[in-house]
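Visitor: Attaching a single structure in structure tokens format; questions to follow.
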Amino acid sequence: MRQTNLNDFIKLEEENKKLEYKIEEEVKKNVQKEKVLLEQSKLASMGEMLCSISHQWRQPLMEINSLFMPIEAKVKLENSVNKKELLAAITKLNEITTYMSNTINDFRNFFSENKQKQKFNLSTQINAVVNILSTSLKENNIKLEIVVKKNPEVYGLKSEYSQVLINIVNNAREMLVLRKIDKPLIKITIDKQEDNAVVLIEDNAGGIKTKNINDIFKPFVTFEKSNGTGVGLFMSKVIIEKNMDGNIEVQNSKNGALFEILTPQNLTK
Ligand SMILES: Nc1ncnc2c1ncn2[C@@H]1O[C@H](COP(=O)(O)OP(=O)(O)O)[C@@H](O)[C@H]1O
Ligand SMILES: [Mg+2]
């Protein structure tokens, strides 16, 4: 009898070990999956960023072209080019290339591998994001309104936080364009509640049209658009809630979608 018990026990132990191993494997797989998803979403946002850079560069590139056209014509016709004219063109050229290189620097800062948590000012960060997205918003006649009720500092990952803002604003822009909304508007409100910095992003695109609104935070959930990846909002939730101990929520307001991002201030951990 005792022998049987012992055998049973050994058997049970073995089963337990197997189970533990299986669980460990599954956890590992999950971590790996999340990593891949994050990489994917980062690539997706980089693609979106490259797109807005190319938009932002089109204008200055054309300006450079037209700047030197009259000079080129004169040189070809062997007319004299006066020094003043040439210097003015070069000065203008310098201004334009400085602007272009600033765009690239902004871009680099956003995706720098600087994973250190740091204190940053919310409205400064939002202004930087808006600067980068402004060309594509203007192109679609989308009005952007920023309301600063309070201007809190945030403690966290600056560039990742920017990625979240870019995702949400780009989603709003895409829907406003797709649904051909009259008087398209995106409104960003910066505020503070107790120890949290609060950012509200609201559009008038008509809202999120799915039965369970929180599904949009699940990976690969994309609908209505033809080129969606469904990764942007999933990643945004991971960044805000897992990496920054904050909270991100969505609801449909009267005219469109309303996102609320809450992040703790001055966290010392
Ligand atoms: N502001 C919005 N208005 C309406 N629908 C939205 C809005 N933001 C997101 N959505 C919906 O949520 C889905 C998921 O968004 P996201 O995770 O960024 O993936 P993707 O943009 O690649 O489709 C979108 O496909 C879209 O249908
Ligand atoms: Mg998106």
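Visitor: So which pairs qualify, if the first residue must be in the range 230-255 and at positive phi, the second must be in a loop (DSSP other than H, G, I, E, B) and within 16 Å of ligand 2 (Cβ to nearest atom), the Cβ gap must be under 6 Å, and the two must be at least 6 apart or on different chains?
Guide: These pairs meet every condition: GLY230/PHE220; GLY230/VAL221; GLY230/THR222.
Visitor: Go through (1) touching a helix residue (DSSP H, G or I) at 6+ places or on another chain (Cβ under 9 Å); (2) open to solvent by 50 Å² or more (accessible area, probe 1.4 Å); (3) under 24 Å from ASN30 (Cβ atoms); (4) of a type outside the set (Ser, Thr, Tyr) for GLU202 and report which single condition fails.
Guide: Result: GLU202 passes all but (3).
Visitor: Sort through ILE201, ILE186 and tell me the only one that's within 16 Å of ligand 2 (Cβ to nearest atom), more than 22 Å from GLN265 (Cβ to Cβ), modelled with pLDDT of 95 or more and assigned to a strand (DSSP E or B). Spell out how you get there, then give the answer.
Guide: Details: ILE201 fails: more than 22 Å from GLN265 (Cβ to Cβ).
ILE186 is the lone residue from the list that is within 16 Å of ligand 2 (Cβ to nearest atom), more than 22 Å from GLN265 (Cβ to Cβ), modelled with pLDDT of 95 or more and assigned to a strand (DSSP E or B).
Visitor: Looking at GLU260, GLU241, GLU249, which one is under 17 Å from the mean Cα position of the chain (by Cα), charged (D, E, K, R), farther than 18 Å from GLY206 by Cα and not in a loop (DSSP other than H, G, I, E, B)? Quick ask: steps written out before the conclusion?
Guide: Numbers: GLU260 fails: farther than 18 Å from GLY206 by Cα; GLU249 fails: farther than 18 Å from GLY206 by Cα.
Within the list GLU260, GLU241, GLU249, the selection yields GLU241.
Visitor: Looking at (1) in contact with a strand residue (DSSP E or B) (Cβ under 7 Å, 6 or more places away or on another chain); (2) in a loop (DSSP other than H, G, I, E, B); (3) within 11 Å of ligand 1 (Cβ to nearest atom), which is the only condition VAL221 fails?
Guide: For VAL221, the failing item is (1).
Visitor: Among the residues of the range 82-111, how many are part of a loop (DSSP other than H, G, I, E, B) and either on the phi > 0 side of the Ramachandran plot or at pLDDT below 85 (or both)?
Guide: Here is the first cut: in the range 82-111, the ones part of a loop (DSSP other than H, G, I, E, B) are 82, 111.
Filter once more, so that each one left must be either on the phi > 0 side of the Ramachandran plot or at pLDDT below 85 (or both): 111.
Residues meeting the conditions: 1.
Visitor: Scan LEU133, LEU122 and give me the residue that is under 24 Å from GLY207 (Cβ atoms) and either of a type outside the set (Asp, Glu) or more than 16 Å from ligand 1 (Cβ to nearest atom) (or both).
Guide: LEU133
Visitor: To continue, here is another question. Check the range 231-249 and report whether any residue there is within 16 Å of ligand 2 (Cβ to nearest atom), open to solvent by less than 10 Å² (accessible area, probe 1.4 Å) and over 22 Å from SER45 (Cβ atoms).
Guide: no
Visitor: Could you please find all residues in the range 154-177 being of a type in the set (Gly, Ala, Ser) and under 25 Å from ASN252 (Cα atoms)?
Guide: The answer is SER162, ALA172.
Visitor: Then there is this: Which residues, counting only those in the range 196-218, are near ligand 1 (Cβ under 9 Å from one of its atoms) and free of Cβ contacts under 8 Å to residues at least 12 places away in the same chain?
Guide: ASP215
Yes/no matrix, rows are residues, columns are (1) modelled with pLDDT under 75; (2) of a type outside the set (Val, Ile, Thr); (3) surrounded by 11 or more Cβ atoms within 10 Å (Cβ to Cβ):
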position	(1), (2), (3)
LYS29	no, yes, no
SER54	no, yes, yes
GLN59	no, yes, yes
GLU63	no, yes, yes
ILE71	no, no, yes
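Visitor: Does TYR155 satisfy the criteria of being open to solvent by 50 Å² or more (accessible area, probe 1.4 Å) and touching a residue at least 40 places away in the same chain (Cβ under 8 Å)?
Guide: For TYR155, the condition - open to solvent by 50 Å² or more (accessible area, probe 1.4 Å) and touching a residue at least 40 places away in the same chain (Cβ under 8 Å) - is met.
Visitor: Right, here's the next one. Got at least one residue in the range 252-261 being farther than 23 Å from GLN40 by Cα, of a type in the set (S, T, N, Q), open to solvent by 60 Å² or more (accessible area, probe 1.4 Å) and within 10 Å of ligand 1 (Cβ to nearest atom)?
Guide: Yes, the range 252-261 contains at least one residue that is farther than 23 Å from GLN40 by Cα, of a type in the set (S, T, N, Q), open to solvent by 60 Å² or more (accessible area, probe 1.4 Å) and within 10 Å of ligand 1 (Cβ to nearest atom).
Visitor: Separate question: Every residue in the range 137-161 that is in a helix (DSSP H, G or I) and within 15 Å of ligand 1 (Cβ to nearest atom), please.
Guide: Filtering the range 137-161 for residues in a helix (DSSP H, G or I) gives 137-139, 158-161.
Answer for the range 137-161, where residues must be in a helix (DSSP H, G or I) and within 15 Å of ligand 1 (Cβ to nearest atom): just LEU137.
Visitor: For residues that are under 15 Å from TYR99 (Cα atoms) and of a type in the set (A, V, I, L, M, F, W, C), scanning just the range 119-132, find the one that is most open to solvent (accessible area, probe 1.4 Å).
Guide: The extreme case among them is ALA128.
The values are calculated or read from the model by the stated rules, or taken from the named source; none is laboratory data. Here the structure is a predicted model, which is why all the values come from computation and not from measurement. Neighbour counts are summed over all protein chains in view; Cβ atoms, including those assigned to glycine, are modelled from backbone coordinates with ideal geometry. Protein only, heavy atoms only, side chains kept; ligands, DNA and RNA dropped before computing areas. Shrake-Rupley method; radii C 1.70, N 1.55, O 1.52, S 1.80 Å.
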